[in-house]
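Accompanying notes for the structure given below.
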Amino acid sequence: MELLIKAIRVKDLFGFYSYDLPSAGKSLPDAAIFYGDNGLGKSTVLRLVFHMLSPADNKGHRSALLEVPYRYLEVELSSGIVLRASRRAEIDEKALVLAISKGSKTLAEWNFSSPGHHASDVDRILNELTHVSSESSNKGGISIKKTSDGRYIFVDEYHGARGRKNHPRGEAAYMQELLRHVPNMFLLNAERRLDSDIVSDPSDEVELRRALRFDEPKRINDLVVRSREIALSQALSAAGKWISAQAVQGANRGSTNVHGVYVNVLRHLVAPAKKNQAGTDLAHPEMLLTSLTEIESKSAQLAKYELTAELSTSDFRRALQATAKTKRQIAANLLKPYLDSLQGRLAALEPVYRVVDDFVTIVNGFLYDKSLSFGFSSGFQIKNKRGDELGPRLLSSGEQQLLLLFCYALVSRDKPSVFIIDEPEISLNVKWQRKLVQSLLDITKGSRIQFILASHSMELIAQHRGRVVKLESRDG
């Protein structure tokens with residue numbers, strides 16, 4: 001499986017800590033657990049990575065990168081793309097140089113300043129210059145010097161008369177490359193809020209805005225709780241729509257299979273008969289009886305989630321078991337194309353069924369006195385032992401957290417995605433902590449999804465020692 005984030009490097013975080021995550025020569029696994037003492041910056045590093053790889057231009061990602069004190073941040077992707085944010089602290093602490101590169105080639109660079117900050121001479125030089133070499137940057141050949149009249153000038157000492165290489169500069173070029181190369185990013189923070197550019201903010205919901213705007217006095221905690229409930233409703237709805245879309249695609253593929261079956265039948269009927277093929281195309285009743293058993297079994301499975309109707313084949317069986325051999329053969333020859341088309345349709349829906357069934361089974365493995373179900377017409381429903389439907393507000397905070405995370409992990413299967421989870425053990429009992437990582441991997445099996453967690457849970461860490469990445473600061 002293609003891993004999405006290969007390595008994370010940061011220098012002088014808070015002025016003290018420098019990390020290579022993981023250690024040199026290694027790559028982050030499909031599920032990595034960052035571990036270290038309090039205060040070493042685990043959560044901060046993960047938030048920085050989230051903002052570095054999130055391309056939305058209206059959610060403050062670049063400003064968030066600027067707010068945290070560090071000298072240098074680098075995220076290397078498995079594709080070879082490297083994203084960097086560096087600070088020229090000796091000149092201007094309110095600006096970052098953001099760059100995207102692959103190998104020795106710089107794809108884009110942007111000198112970003114905080115909103116409202118007036119560009120310095122350095123900002124102006126770097127944003128207007130069109131001939132900057134990534135090679136000279138790597139070799140330390142770029143310098144910024146102060147003139148006698150107090151101005152700053154840009155000096156490319158490495159290339160000099162050799163000439164300079166061009167690369168795109170500025171916000172538009174940088175954002176274009178960022179959109180092209182990064183995965184979908186999700187951040188579940190310690191407050192159990194899920195942030196992502198592709199997830200709508202639950203605070204945008206009409207009901208929550210009314211509570212904030214009109215004379216409906218609410219405690220802050222009440223608003224937070226309601227926001228979580230709305231977020232879970234959105235997640236369940238998104239998961240249901242994703243499954244429905246996959247089922248429609250499967251049905252369309254099944255229709256193509258049916259078309260192919262009957263095209264072959266017609267070709268056979270109009271083809272000239274050949275003596276040496278006589279009798280070779282006869283259907284075998286015994287084999288078709290076996291096919292009927294398989295069709296009944298598969299249709300019953302798919303009907304569990306309303307992906308198809310449950311099929312009864314008793315009439316077909318009687319025809320294939322007729323006393324007269326001639327009648328059995330006629331029935332078999334008539335039924336074979338139809339049964340072939342049915343098997344094609346069911347086979348096309350099988351992958352969708354497997355994903356849904358695994359998801360429902362995994363979620364219900366966590367729930368105690370309630371269960372999750374799915375129907376094509378009704379979507380996801382949660383019911384208690386009496387069969388009463390339960391809304392998100394009737395679930396515990398731990399159940400809400402799990403369902404929110406699992407639902408978005410499910411709908412992210414179609415595109416490379418990274419889930420950053422800060423302290424997943426919050427609101428989860430010991431048993432759930434032990435099962436969490438493997439359950440996430442099972443839900444996303446076969447997809448390009450990576451999980452990076454920051455945790456103090458000994459239960460979680462003990463279950464996945466080989467996935468632990470310890471924060472140990474390197475010198476300088």
Taking first residues from the range 23-41 that are in contact (Cβ under 8 Å) with a residue 40 or more places away in the chain and under 18 Å from E76 (Cβ atoms) and second residues anywhere that are loosely packed, with under 12 Cβ neighbours inside 10 Å and of a type outside the set (A, V, I, L, M, F, W, C), the pairs with Cβ under 8 Å that are 6 or more apart or on different chains are P29/G466
Scanning the range 8-62 for residues that are farther than 24 Å from I100 by Cβ and polar (S, T, N, Q) gives S23, N38, S43
task = Check whether at least one residue in the range 453-467 is within 20 Å of R47 (Cβ to Cβ) and within 16 Å of the chain's Cα centre (by Cα), and report yes or no.
result = yes
Given the criteria assigned to a helix (DSSP H, G or I) and at pLDDT below 95, does K415 qualify? no
Only one of L390, L372 is at pLDDT 95 or above and within 22 Å of I230 (Cβ to Cβ), namely L372
Scanning the range 361-377 residue by residue, those under 15 Å from A245 (Cβ atoms) and either among the small types (G, A, S) or outside any strand (DSSP E or B) (or both) turn out to be F376, S377
Within the range 20-47, residues touching a Gly at 6+ places or on another chain (Cβ under 9 Å) and either modelled with pLDDT of 95 or more or part of a loop (DSSP other than H, G, I, E, B) (or both) come out as P29
Note: among E306, E310, just one is surrounded by fewer than 17 Cβ atoms within 10 Å (Cβ to Cβ) and in contact with a Phe, Trp or Tyr (Cβ under 7 Å, 6 or more places away or on another chain), namely E306
Cβ pairs under 9 Å, 6+ apart or interchain, first in the range 293-318 and in contact (Cβ under 8 Å) with a residue 12 or more places away in the chain and under 17 Å from Q246 (Cβ atoms), second aromatic (F, W, Y) and surrounded by fewer than 11 Cβ atoms within 10 Å (Cβ to Cβ), ordered by first then second residue, are none
Return yes when A56 is among the small types (G, A, S), farther than 24 Å from H464 by Cβ and touching a Leu at 6+ places or on another chain (Cβ under 6 Å) and no when it is not. no
Scanning the range 358-393 residue by residue, those hydroxyl-bearing (S, T, Y), surrounded by 14 or more Cβ atoms within 10 Å (Cβ to Cβ) and over 24 Å from V430 (Cβ atoms) turn out to be S373
| query | Somewhere in the range 338-360, is a residue basic (K, R), out of contact with any helix residue (DSSP H, G or I) (no Cβ under 8 Å at 6 or more places or on another chain) and either under 30 Å from L188 (Cα atoms) or in a loop (DSSP other than H, G, I, E, B) (or both)? | reply | yes
Within the range 82-125, residues being exposed (fewer than 14 other Cβ atoms within 10 Å of the Cβ), assigned to a strand (DSSP E or B) and either at pLDDT below 90 or within 27 Å of the chain's Cα centre (by Cα) (or both) number 0
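The values are calculated or read from the model by the stated rules, or taken from the named source; none is laboratory data. Since this is a predicted model, take the numbers as computed values, not measurements. Here Cβ is always computed from backbone atoms with ideal geometry, including for glycine, and neighbour counts include all displayed protein chains.
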